[in-house]
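One structure is given below, encoded as structure tokens.
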2 protein chains.
Amino acid sequence: MSTKLKDIAQKTGFSLSTVSRVLHKGSQKVSISAETTRIIKKTAEDLGYRPNIIARSLRTEQTHEIGILVPDISNPFFSTIVKNLASELRKFGYGTVVYDTDENTSLEEESLRQLLDKRVDGLIIAAVGQEAKHFKEIVKRGIPLVTLDRCFNDFDVDAVSVDNVYGAMIAVQYLLNEGHQRVAFIQGLPGTYASDERKKGYCKVLDIAGIPIDPTIIVGSDFRAFNGYIETKHLLSMKNPPTAIFSASDLITLGVLEALREEKKIIPQEISLVTFDDPYFTKYLSPAITAVAQPIERMVEIAVNLLFRRMKNPKEQSRRVLLEPSLIIRNSVLRVSKLSAIININNTNS
Amino acid sequence: MSTKLKDIAQKTGFSLSTVSRVLHKGSQKVSISAETTRIIKKTAEDLGYRPNIIARSLRTEQTHEIGILVPDISNPFFSTIVKNLASELRKFGYGTVVYDTDENTSLEEESLRQLLDKRVDGLIIAAVGQEAKHFKEIVKRGIPLVTLDRCFNDFDVDAVSVDNVYGAMIAVQYLLNEGHQRVAFIQGLPGTYASDERKKGYCKVLDIAGIPIDPTIIVGSDFRAFNGYIETKHLLSMKNPPTAIFSASDLITLGVLEALREEKKIIPQEISLVTFDDPYFTKYLSPAITAVAQPIERMVEIAVNLLFRRMKNPKEQSRRVLLEPSLIIRNSVLRVSKLSAIININNTNS
DNA sequence: ACTTTTTGTGCAATCGTTTGCATAATATGT
DNA sequence: ACATATTATGCAAACGATTGCACAAAAAGT
């Protein structure tokens, strides 16, 4: 087996405690002679000592692991988040344990239980829905938790997300200003924070512009590509089809693209498109798609920050950080009339 | 704190050992009365007992965790693999610890060390390059290891991968049969198994077809999108540009698409394109891209199988499984002349 | 009725660390 | 020169589980 403290103790003649104290920087309360330190460190090096973190965790009741819960790791938006989280947390000496909840609340509960069984020191989660009772339980138990991207309305917890209402507003505003009057919205899973907020933004702008909201062109039921596909097919088949589509997420947009290709509709000549999320592939498409970009690196950085703050100071008032998304204008929107009534919105969202 | 065995022992009056034996199905060598079992199970339930897996791991020297190493989790090919691995391993009661090596050998070594520190029970890896000495070390130490996707030439270890040579061959064969004479190859990181094998296949078909290999149109230096972008720009600027591009991976292809869009080249009218890998977005593009698809689910299944077999039987002869990829023909290739010399290849790769 | 086997339970060691407390040796202050 | 402070080290008890061994009681075999 691998070397342990005992081996080093035996070889050097020092006690287990002394060896432990030398090799474990933490406990500086006690002093150790320079010579002893040297000898022990050298011996440890020679023997290729690596601490048994399992034993350490058992004793210290800390794992230095952060649990991460995402709805779908194969979605590039989340895999990018996971990648960034891992590298950010690594800087602070923390590892990550990632679970994919498959946009499924019961799998989410199950995964959460597993993470707790693993005794993670904290959690960063992008929740499936608005069902928060299992998470509230966690927080009550004093386990640091930060929500990322997906927020809870009725749960006061550290959170970071993009301002989804505002993001939807700038997208729809842009479409209207280019002269579109009939803009469809393909939403994600109703009940999820991201989807509902985006819908709010969509409605708000139509309202400001004085365009009546037509519920028949607010469609969609989840965040996957197939949803985008099926709803686009449906929208195109209407007697009075929309001239533009605003899509609630990157995957949905993929489905939209597939349907448009099948139906031989040319973007933007025959239909315009704006999407929420700016996955890496949007800029490679022809035409490139106009998109609402989320500052992922910044979100991740803030999430980690909030988490560590919480870990240091468990009693502190919780904070909710909303970041401003930006509209990246590419070539997927047709200007259908000369500018008439330019509408203007301000980001007055809390 | 959470309930532990001791609490249950105290509450029921039985000893720690008895409680442990009831709650831990494993040790069936000893029998326990049905009544006792009932009482203890009920009490455990009531108290919401959850075993401390850290303590358990310390004692049993098993973590029930499998370490996974991938070069880039934000690449959809690998994030799909990770997702599938996690769900497949979960079926067997194993968790996963995922590390992203960022296509970087020294980060790979570092990650490997971390995984060992975590005492994972086995490893499934997609290695960065052909540098295998750190992995050989692992195998010598008796830790079960399976390589996935990326194989080592000079390292006899359980491995599963697609037949990359064959995959490249069917792709290039198809291009030639559609009448292309000048086919460029944009490779990935030279020295990696995947890239080198695909290049072999490319060369082999040209050889069979009697077309001399032009080293100036074998380009590229890594698996990322920017590589595809820059090399496509370069290929298009040649005095004698290729009529078709065969791209070694999905991300490279994204870069190719970006460059083609910038240069206003229409696919397939002005340039044809076939890509290795069949990431989920290929079918959403217009035109849809012809691609060499890898049977990811099958690869994952086999990798997990090999791993468990190895864990059961450490001495067994190692196996290497090569799966057959398939060409998914879509609309990114132009037929440039009527069929003349149809070439035929057989999958005679070992 | 007396061995032998089976069944049910408990004792105590162990896994590899960390850390509060005790203590010996040395240094410092007066 | 003596009291006190500081420095350097070791002892032993945790952390929460698993498991070989011992042993009593009950069942089975003769």
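The values are calculated or read from the model by the stated rules, or taken from the named source; none is laboratory data. All values derive from a computational prediction rather than experimental measurement. Here the Cβ positions follow ideal geometry from the backbone for every residue, glycine too, while neighbour counts run over all protein chains shown. Side chains included, ligands, DNA and RNA excluded: accessible areas come from the protein's heavy atoms. Shrake-Rupley method; radii C 1.70, N 1.55, O 1.52, S 1.80 Å.
When segment B:280-297 is filtered for residues that are modelled with pLDDT of 95 or more and either open to solvent by less than 30 Å² (accessible area, probe 1.4 Å) or within 14 Å of another protein chain (Cβ to nearest Cβ) (or both), the ones remaining, listed by number, are B:Thr290, B:Ala291, B:Val292, B:Ala293, B:Gln294, B:Ile296, B:Glu297. Restricting segment A:1-17 to residues that are open to solvent by less than 50 Å² (accessible area, probe 1.4 Å) and over 44 Å from the mean Cα position of the chain (by Cα), which is farthest from DNA strand D (Cβ to nearest atom)? Ranking the candidates gives A:Asp7 first. Is it the case that some residue within segment B:25-36 is in a helix (DSSP H, G or I), open to solvent by less than 60 Å² (accessible area, probe 1.4 Å) and modelled with pLDDT under 95? Looking for residues that are in a helix (DSSP H, G or I), open to solvent by less than 60 Å² (accessible area, probe 1.4 Å) and modelled with pLDDT under 95, one finds at least one in segment B:25-36, hence yes. Residue count for segment A:258-279, restricted to those that are hydrophobic (A, V, I, L, M, F, W, C), out of contact with any strand residue (DSSP E or B) (no Cβ under 7 Å at 6 or more places or on another chain) and open to solvent by less than 20 Å² (accessible area, probe 1.4 Å): 2. Where helices (runs of 4 or more DSSP H) sit wholly within segment A:56-171, those with at least 2 residues that are within 11 Å of another protein chain (Cβ to nearest Cβ) and surrounded by fewer than 21 Cβ atoms within 10 Å (Cβ to Cβ) occupy A:76-91, A:105-117.
Taken over segment A:21-71, the criterion of being near DNA strand D (Cβ under 9 Å from one of its atoms), under 39 Å from the mean Cα position of the chain (by Cα) and among the hydroxyl-bearing types (Ser, Thr, Tyr) is satisfied by A:Ser57, A:Thr60. Taken over segment B:269-279, the residue count meeting the criterion of being within 13 Å of another protein chain (Cβ to nearest Cβ), closer than 16 Å to B:Ser247 by Cα and part of a loop (DSSP other than H, G, I, E, B) is 2.
Here A:Ile211 fulfils each of the conditions (1) surrounded by fewer than 23 Cβ atoms within 10 Å (Cβ to Cβ); (2) in a strand (DSSP E or B) apart from (2). May I ask you to verify whether B:Ala86 is modelled with pLDDT of 95 or more and either within 16 Å of DNA strand C (Cβ to nearest atom) or out of contact with any His (no Cβ under 9 Å at 6 or more places or on another chain) (or both)? Yes, satisfied. Residues of segment B:119-129 that are within 12 Å of B:Glu65 (Cβ to Cβ) and in contact with a strand residue (DSSP E or B) (Cβ under 6 Å, 6 or more places away or on another chain): B:Val120, B:Gly122, B:Leu123, B:Ile124.
The set of residues in segment A:1-24 that are over 26 Å from B:Glu61 (Cα atoms) and part of a loop (DSSP other than H, G, I, E, B) comprises A:Gly13, A:Phe14.
Could you tell me how many of the residues in segment B:234-257 are within 14 Å of another protein chain (Cβ to nearest Cβ) and either open to solvent by 10 Å² or more (accessible area, probe 1.4 Å) or farther than 19 Å from B:Glu178 by Cβ (or both)? Summing the residues that are within 14 Å of another protein chain (Cβ to nearest Cβ) and either open to solvent by 10 Å² or more (accessible area, probe 1.4 Å) or farther than 19 Å from B:Glu178 by Cβ (or both) in segment B:234-257 gives 7.
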